[in-house]
Amino acid sequence: MRVLPRRHQCPPVTALLFSGILKGMYQQDYILRMIETVGAVFRRMVFLIQNGRLADALTLSREAIEQASDTDPALIDSLTADGILQLFSIGGTLDASRTALLGMALRHRASVLAASGDLEEAALQREKAEALLTAAIQAEPELAKIVDALN
């Protein structure tokens, strides 16, 4: 077996990942998959609300929050918007994509709560959602288009 001189060898995939060449591609692919998944959940929630199945829509909203945050929804419920931003800012940099997805999930949950008559909790959820969405879009302005498309 012939071994190429070092200068002709391809760098290992891990080196490419950490060099940033592939990292951006994988991260973007992950974000797109998450948007597709959460978008499908949002469409299903709207369908359930329109058909009067509010309990099912509320259950689905908890699942959307769990998917978007990769965290127990009870923890998200117990945190303020600032607390969530700190949770999603590991290393000092906000994970704007996750923050935006969670903000959209909370916005949809607020719609379910409003439809079920819990206007006070709906207002709190909407306020938290808007704070998260504002922070996410400030961190990555291109997310504004995605947020608009999923609403």
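We did not get these values from a lab; they are worked out from the coordinates using the rules stated. As the structure is a prediction and not an experimental result, all values here were calculated from the model. Virtual Cβ from ideal backbone geometry, glycine too; neighbours counted across all protein chains shown.
Among the residues of the range 36-46, are any surrounded by 15 or more Cβ atoms within 10 Å (Cβ to Cβ) and of a type in the set (Asp, Glu)?
no
Looking only at the range 94-133, count every residue that is without any contact (Cβ under 8 Å) to a residue 24 or more places away in the chain and either in a helix (DSSP H, G or I) or closer than 22 Å to GLU36 by Cα (or both) and tell me the total.
11
When residues of the range 64-93 are filtered for being in a helix (DSSP H, G or I) and surrounded by 15 or more Cβ atoms within 10 Å (Cβ to Cβ), how many remain?
Within the range 64-93, residues that are in a helix (DSSP H, G or I) and surrounded by 15 or more Cβ atoms within 10 Å (Cβ to Cβ) number 13.
Taking the stated definitions as given, is THR80 within 19 Å of GLU142 (Cα to Cα) and hydroxyl-bearing (Ser, Thr, Tyr)?
Taking the combined requirement at face value, the residue does not satisfy it.
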